Amino acid sequence: MKDQRISAGLVLAGLAMMALQMSCATTTAKETERGARARAATAESPPAGTQLAAAPKTGASAPTSRVGHTMRGLAPIASSEAASAHNPYTDGACDFCHKGSGKDPGPITKPVNELCFDCHTDFQEMLAQRPVQHPPALAACTSCHNPHNSPNKQLLLSDQGLLCPSCHADIKTILETAKVKHGALEEGARCSNCHNPHASSVEKLLVQQPYDLCIQCHSKDGLTDASGTKLTNFKTLLDTNPVVHAPVAGKDCSACHTPHGGDNTRLLVASYPARFYSAYDPANYALCFTCHDSDKVTVAETTTLTNFRDGARNLHYVHVNKAERGRTCRACHEVHASRQAFQIRDGVPYGAQGWILKLNYQKTATGGTCDKTCHALKSYNNK
């Protein structure tokens, strides 16, 4: 009987202890909730004297850290996941940026960019001195960077290949749909290969003048396209070929090429045959006909449209305008630069390795001659 009373007492004591624990847990949860609300209110209501950012103009949306905030916000992640970390956070110096410290850092001590510029004076000077500025960088450094740590380099909220397109929808569409993409978008520093993400002295936040930027990368031996075809070393080409195509003379690569991606071979802005031989279709030569008169290849007889004629027989028409195996413009013309007038080339690249077949073109007083590459010796007289 005594043992039964002891057992019943233990049961009642256990039930009382469980009730007390549940009561404490409820109280703790309520206190935690109240504390969270208080901290949120403190963060949302800056102290007196704090200058607030101007509200966005009607029709404009306030800048947000789209990718980072969607995934994680600006809260720190586990150190094991981080590829980069902000030194004050790593050292536990929360009060370097926040009004509080430790587990309750509270709001930051001043507006985001003012706080960042206390240390990063080089970026403050860059934004002040360069005329072309990236709006997210002006709005808040946290538009693109996490102030604590990040799974990406340079504290970026996301991989740059995702971060930039999260705002630049047109570039996102190109990345997702273009048949031909510029390698610079997918290699190395990606967007930062060509653009400064903070500020620049050049339009479109480019790191150099457009022509110089293109030539800098496309002046290397061994550069190939996605299929492995060898690409031209333009420094070598331009150094040794004085007769240049007008867009090249004007340093305007974008006259013929789109810098991000598109549906045409070699990132061309309009159609041009990708192969050496092509059946003639005016739609295939939309790029050339942007500047050049299409009559040169559609009129069989002329004495005025071109000097490449034998009497009145238009030799442009003879070469290009064929139902099968028409010669494309590149068969006789180097599209960027050459040694001879009218950009007539010394030879044509053949095969995947681009070995050269000589044209052996010679200008004469009455026209010119070609020999051996496509046919036996032939001459024309345009007088």
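For the stretch 67-79, does any single residue satisfy the condition of being within 30 Å of G261 (Cα to Cα), part of a helix (DSSP H, G or I) and touching a Leu at 6+ places or on another chain (Cβ under 6 Å)? Yes, some residue in the stretch 67-79 is within 30 Å of G261 (Cα to Cα), part of a helix (DSSP H, G or I) and touching a Leu at 6+ places or on another chain (Cβ under 6 Å). Within the stretch 236-263, residues that are touching a residue at least 24 places away in the same chain (Cβ under 8 Å) have Cβ atoms under 7 Å from residues that are surrounded by fewer than 13 Cβ atoms within 10 Å (Cβ to Cβ) in these pairs: V243/A341; D263/K179, counting only partners at least 6 apart in sequence or on another chain.
Whether any residue in the stretch 188-196 is assigned by TED's automatic domain parsing to the domain that holds V269 and part of a helix (DSSP H, G or I) is what I want to check. Within the stretch 188-196 (the criterion being assigned by TED's automatic domain parsing to the domain that holds V269 and part of a helix (DSSP H, G or I)), the answer is no, since none of the residues qualifies.
Filtering the stretch 130-154 to residues that are within 18 Å of P88 (Cα to Cα) and in a loop (DSSP other than H, G, I, E, B) leaves N146, P147, H148, P151, N152.
Table: residues versus (1) at pLDDT below 95; (2) touching a strand residue (DSSP E or B) at 6+ places or on another chain (Cβ under 6 Å); (3) surrounded by fewer than 14 Cβ atoms within 10 Å (Cβ to Cβ).
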residue: C164; (1), (2), (3): no, no, no
residue: L185; (1), (2), (3): yes, no, no
residue: D212; (1), (2), (3): no, no, yes
residue: P242; (1), (2), (3): no, no, yes
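Looking across the stretch 300-325, the residues that are crowded, with 20+ Cβ neighbours inside 10 Å and either in a strand (DSSP E or B) or among the small types (G, A, S) (or both) come down to R309, N314. Within the stretch 133-153, residues that are buried (at least 21 other Cβ atoms within 10 Å of the Cβ) reach partners that are part of a strand (DSSP E or B) with beta carbons closer than 8 Å, at six or more positions or on different chains, in the pairs A137/A199; C144/L156; H145/L156; N146/L156; S150/S84; S150/A85; S150/L156.
Quick one: in the stretch 326-383, which of the residues that are outside any strand (DSSP E or B) and of a type in the set (A, V, I, L, M) is nearest to Y277 (Cα to Cα)? My answer is A331. Have a look at V320, V269, V299 and point out the one that is in contact (Cβ under 8 Å) with a residue 24 or more places away in the chain and either within 30 Å of I174 (Cβ to Cβ) or among the aliphatic types (A, V, I, L, M) (or both). Result of the check over V320, V269, V299: V320. Residues in the stretch 86-129 that are surrounded by fewer than 16 Cβ atoms within 10 Å (Cβ to Cβ), of a type outside the set (A, V, I, L, M, F, W, C) and not in a loop (DSSP other than H, G, I, E, B): how many? The total comes to 11.
The values are calculated or read from the model by the stated rules, or taken from the named source; none is laboratory data. Being a predicted model, the structure only gives us computed values, none of them experimental. Methodologically, a virtual Cβ is constructed for each residue, glycine included, from the backbone with ideal geometry; neighbour enumeration extends over all protein chains shown.
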